[in-house]
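Beneath this line is the structure, given in structure tokens, with notes to follow.
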Amino acid sequence: MSFASVTALPAAVADGLAAGTLVPYLGPGLLALCTGPTPPADPMALALQLTAKVSVPGKIKNRLTAAAQFIENFKHRKTLVNGMTEAFALQAAPSPLHRWIAMLGAPLVVDTWYDDTMRQALAAADGAWAEVQGLSQSEHFGTWVGWYGADGAALADAPTPTTVLYKPWGSGEPAGNFLVSDSDFVEVLTEIDIQTPIPALVQQRRAALGFVFLGCRFNDQLPRAFARQIMKRSAGPHFAVLADEPTRMEARFLAEQGITRIALPLDQVAAQLVAGVPAVA
């Protein structure tokens, strides 16, 4: 299967993001754009931090979801949550791209990592926004998502803000919700094909949107599964900034989902977007 690939930032991307017809879909790679200290910025780094204080069998030490499951099974869920909270207590300073995204007033921003950098940027931009996070069924059985206002307070009902920040895997802030262990993801993936864990407002808004993947890789089943289901029934088009040559499974995913690869480094694309540099038509 083949996929489209370009070596310059298409004008359609910058224009679509500015117009709100394309929206950002962020991954852990976006932390590389931040200056100063950052929390763990990829699954392996997070796994190593979680297992630094808890003894885990060597064969799963580098595998985040398996290591998290071991900690949950043998050291209690609270130990896992405390480890995740500690790992993401360090707050990275938002990059210029984070701040630029926050100023867009986008109808939706998807963020698939546990840091709160995008939340900080939205708070500083002082727009009308709210956050919705995926919830672990081991802690919130029967409730798939939790809504939070810009002040961090839990909301009883889904609001209708200008911007929805959707964190499907949870976040350290404001309430320490995390989907990270094997069982966390099994619960969600069992239902995600029929869209139950995806907030109704996200489903509603995506129908008119395309996604621009920034800081994401699709070389693991989990990010592919979530992206596939979050994109479902969306309008498109879709783009992914991916400087490295895609793996076989990434290439297959890009092709099946009709995602155009932008073969440029993320920092270069970020600089162009922030500076408003004219893109290629």
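Just a few scattered comments:
- Residues that are in contact with a strand residue (DSSP E or B) (Cβ under 8 Å, 6 or more places away or on another chain) and either surrounded by 15 or more Cβ atoms within 10 Å (Cβ to Cβ) or at positive phi (or both) within the stretch 228-244 comprise Ile230, Met231, Ser234, Gly236, Pro237, His238, Phe239, Ala240, Val241, Leu242, listed in sequence order.
- Val109 being in contact with a strand residue (DSSP E or B) (Cβ under 6 Å, 6 or more places away or on another chain) and closer than 21 Å to Gln133 by Cβ: yes
- Considering Ala150, Ala124, Ala158, Ala130, the condition of being assigned to a strand (DSSP E or B) and more than 23 Å from Pro43 (Cα to Cα) is satisfied by Ala130 alone.
- Screening Trp129 on (1) buried (at least 20 other Cβ atoms within 10 Å of the Cβ); (2) touching a strand residue (DSSP E or B) at 6+ places or on another chain (Cβ under 9 Å); (3) in contact (Cβ under 8 Å) with a residue 40 or more places away in the chain shows it passes everything except condition (3).
- Meets criteria (surrounded by 14 or more Cβ atoms within 10 Å (Cβ to Cβ) and either closer than 25 Å to Val180 by Cα or outside the structural domain of Thr112 (by TED's automatic domain parsing) (or both)) for Ile262: no
- Tally of residues being in contact with a strand residue (DSSP E or B) (Cβ under 9 Å, 6 or more places away or on another chain) and either among the hydrophobic types (A, V, I, L, M, F, W, C) or part of a helix (DSSP H, G or I) (or both) across the stretch 15-32: 8
- Sole residue being of a type outside the set (S, T, N, Q), farther than 23 Å from Ile192 by Cα and without any contact (Cβ under 8 Å) to a residue 40 or more places away in the chain, chosen from Gly149, Gly105: Gly149
- Test: residue in the stretch 33-47 that is closer than 16 Å to Ala121 by Cβ, in contact with a helix residue (DSSP H, G or I) (Cβ under 8 Å, 6 or more places away or on another chain) and assigned to a helix (DSSP H, G or I): yes
The values are calculated or read from the model by the stated rules, or taken from the named source; none is laboratory data. Remember, it's a predicted structure, so these values are computed and weren't measured experimentally. Cβ coordinates were reconstructed from backbone atoms using ideal geometry, including for glycine residues, and neighbour counts include every protein chain displayed.
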